[in-house]
1. Of the residues VAL97, VAL76, only one is within 33 Å of the chain's Cα centre (by Cα), open to solvent by less than 100 Å² (accessible area, probe 1.4 Å) and either modelled with pLDDT under 85 or of a type outside the set (Lys, Arg) (or both); which?
2. Checking GLY60 against (1) open to solvent by less than 80 Å² (accessible area, probe 1.4 Å); (2) more than 23 Å from the chain's Cα centre (by Cα), only one condition comes out false. Which one?
3. What number of residues within region 101-126 are open to solvent by 100 Å² or more (accessible area, probe 1.4 Å) and either modelled with pLDDT of 90 or more or within 50 Å of the chain's Cα centre (by Cα) (or both)?
4. Select, from ARG84, ARG51, the only residue that is within 30 Å of CYS107 (Cβ to Cβ), part of a helix (DSSP H, G or I), open to solvent by 100 Å² or more (accessible area, probe 1.4 Å) and at pLDDT 85 or above.
5. Of the residues ARG57, ARG104, which single one is on the phi < 0 side of the Ramachandran plot and in contact with a Phe, Trp or Tyr (Cβ under 8 Å, 6 or more places away or on another chain)?
Amino acid sequence: MNYRRENRSSKSSLIDGFDSLEEGGIRASSSYSREINEQDNDKAMESLHDRVTFLKRLTGDIHEEVESHNNLLDRVGNKMDGSRGLMFGTMDRFKKVFEKKSTRKTCSLVAYFIVGFIFIYYLIRMLGYFTLG
């Protein structure tokens with residue numbers, strides 16, 4: 001909103017300037033205003049050049065960062081593929097072991113013994129706690 005007001009005032013000042021130019025009143029100051037406009041344009045161009053240079057460096061840095069992340073993701077993906085192959089191999093071995101009934105019985109027997117020993121260990125530990133404690 002404020003921009004519109006400034007724009008209107010600058011338009012009215014331009015129109016007033018043209019009226020006085022037709023009368024010949026501002027001929028001496030027009031060269032001075034051209035120099036000021038050229039200086040302002042030069043400053044604006046330098047500022048714009050600095051901004052463009054900054055943006056160029058920034059986009060270069062972003063590009064490098066994206067490339068490094070892509071490389072990292074590729075390495076992670078390759079490692080995941082390798083571990084997936086290892087897991088499939090392990091699962092195939094387990095399937096082969098549990099396909100035979102005698103092996104299945106042996107594995108279940110070992111599991112029962114382990115559970116039994118853990119139960120006995122905690123039972124002895126609890127009895128020792130109550131008798132000594």
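1. Answer to the selection: VAL76.
2. Going through the list (1) open to solvent by less than 80 Å² (accessible area, probe 1.4 Å); (2) more than 23 Å from the chain's Cα centre (by Cα), GLY60 breaks only (2).
3. Within region 101-126, the subset open to solvent by 100 Å² or more (accessible area, probe 1.4 Å) is 101, 104-105, 112-113, 117, 119, 121-122, 124-126.
Restricting the remaining residues to those that are either modelled with pLDDT of 90 or more or within 50 Å of the chain's Cα centre (by Cα) (or both) gives 104, 112-113, 117, 119, 121.
So the count comes out to 6.
4. From the options ARG84, ARG51, the qualifying one is ARG84.
5. None of the other options fit; the residue is ARG104.
The values are calculated or read from the model by the stated rules, or taken from the named source; none is laboratory data. This structure is a prediction, so every number in the text was calculated from the model and none was measured. Note that we place each Cβ from the backbone using ideal geometry, even for glycine, and neighbour counts take in every protein chain shown. When the accessible area is computed, the model is the full protein with side chains, heavy atoms only, and any ligands, DNA or RNA have been set aside. Shrake-Rupley method; radii C 1.70, N 1.55, O 1.52, S 1.80 Å.
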